[in-house]
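Only one structure is covered here, and it is reproduced in the block below.
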Amino acid sequence: MHIRFLPAALLLATLAAVAGAQDYFWTITDSGDRDGIIEPGEEAIIDLQMVWGPPGVAFAYSSCDVIGIEGWADGEVLEADAWYCSEGYVLPPRVADNNDILEIENFQLPGLFNCGCCGRKTNPIPQLHLRWRPSSYFDRSVTILPVNFLGYWDNGDPIPDQIHLYTDQYGSTIALMQVVTELTFPVRCPADWNDDARLDAADFHAFLEIYLDPESGLEADFNEDDTLDTRDLTAYLNAWASGC
């Protein structure tokens, strides 16, 4: 039986919280129908963001990596940008050959520093933006995981002056916690009807068998309009011809 992923326009994963000051979370959508399922022709649009709450006003941390746990290397990172606001100086993260995002640095300074970008008022504040395209769209899950602040932690504690949350405009700080929660999202090729990670005549025959079976209900409702008719057959043939 063909397995379909449940649609999800937005996947959120809360990552860390310190003294009620900030929450980190992932958002993911896609460049096509925006349902968060990466299907043929679509790219994944992924953001790590921070939601503010008192008493945080700015932050500073360095060298957070995002590594691929499953399926991430089987594609291409098209964009990788970090939020870095300090006198206009921007240090982009490095993309490794296996698509790991390395040396991510994020800074936003309080007013004490007289910087050109201090205490941004918008909420949430972007931390990391990624755009990723799979090399194929056969059904699978992709998982990425932050591995945090490498070289700036000592036995689980942040090294002073490297990782902290500013609590006021005068430079008072509290420690930020590490971000440790992974993000998993689906890649799907709807035309691979028998889910064998190949697209061939067997998939067309499997779909046609279900389509012609009067007992199958709406299982072959390929265009998902709650009606089974020739438009479903046409939609499937177009998807099958487009490939994975």
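No value in this document is a laboratory result; all are computed from the given coordinates. The structure displayed is predicted, hence computed values, not measured ones. FYI the Cβ positions are ideal-geometry reconstructions off the backbone, even for glycines, and counts take in every protein chain you see.
With a 10 Å radius around each residue's Cβ, average the other Cβ atoms per peptide and rank 30-36, 134-140, highest first.
Packing proxy ranking, top to bottom: 134-140, 30-36.
Once amide H atoms are built 1.01 Å from N in the peptide plane, which residues 5 or more positions from Glu39, or in another chain, come under 5 Å H to H?
Under 5 Å from the amide H of Glu39: Arg188.
Using amide H atoms built in the peptide plane, which far-off residues or other-chain residues are under 5 Å from Tyr84 H to H?
Phe107
For region 25-30, just list the computed ³J(HN,Hα) in residue order, Karplus coefficients 6.51, -1.76 and 1.60, θ = phi - 60°, integers in Hz, with x standing in for Gly and Pro.
For region 25-30, the Karplus curve yields 8, 8, 10, 9, 9, 9 Hz.
For region 201-242, evaluate the Debye formula with one uniform point scatterer on each Cα (no solvent term) and list log10 I(q)/I(0) at q = 0.35 Å⁻¹, rounded to two decimals.
Log-scaled intensity ratios, in q order: -1.32.
Tell me the net charge near Gly41. Cut-off is 11 Å between Cβ atoms, Gly41 excluded, with +1 for each Lys or Arg and -1 for each Asp or Glu.
Summing Lys/Arg as +1 and Asp/Glu as -1 gives -4.
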